[in-house]
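Input: a single structure, listed below in structure tokens.
Taken together, the values in this text are just the output of simple stated rules run on the coordinates, not laboratory data. These numbers were taken from a predicted model, which means no experiment stands behind them. No Cβ is skipped: glycine too gets one built from the backbone with ideal geometry, and neighbour counts run over all protein chains shown.
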Amino acid sequence: MIERQHVWLGPETASFDEPCEACLLLRESLAAESLLVHGTLRPDADVGFTTCRRGHRIVMHRIARPLVLH
Ligand SMILES: [Zn+2]
């Protein structure tokens, strides 16, 4: 079971639309467009949270510049 999903956003990316992986596992009961999760992350934020329409937690991470990877 998927507890949480993680989405990685590049330095210039403020939003994303991706399918929810947990919903993909249940997709026989869902229309394809309802799998998509739309999330936004402020340019100065390193991490953010959103949920899909079914309430699965999705964590958004800001990818820093390559030289400052931890
Ligand atoms: Zn979901």
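Below is a table of values for the structure above.
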item: Label point distance in nm, Leu26-Glu3, each placed 7 Å from Cα along Cα→Cβ; result: 1.9 nm
item: Rg ratio (alpha-carbon, reference 2.2 N^0.38 Å) - the range 1-61; result: 1.12
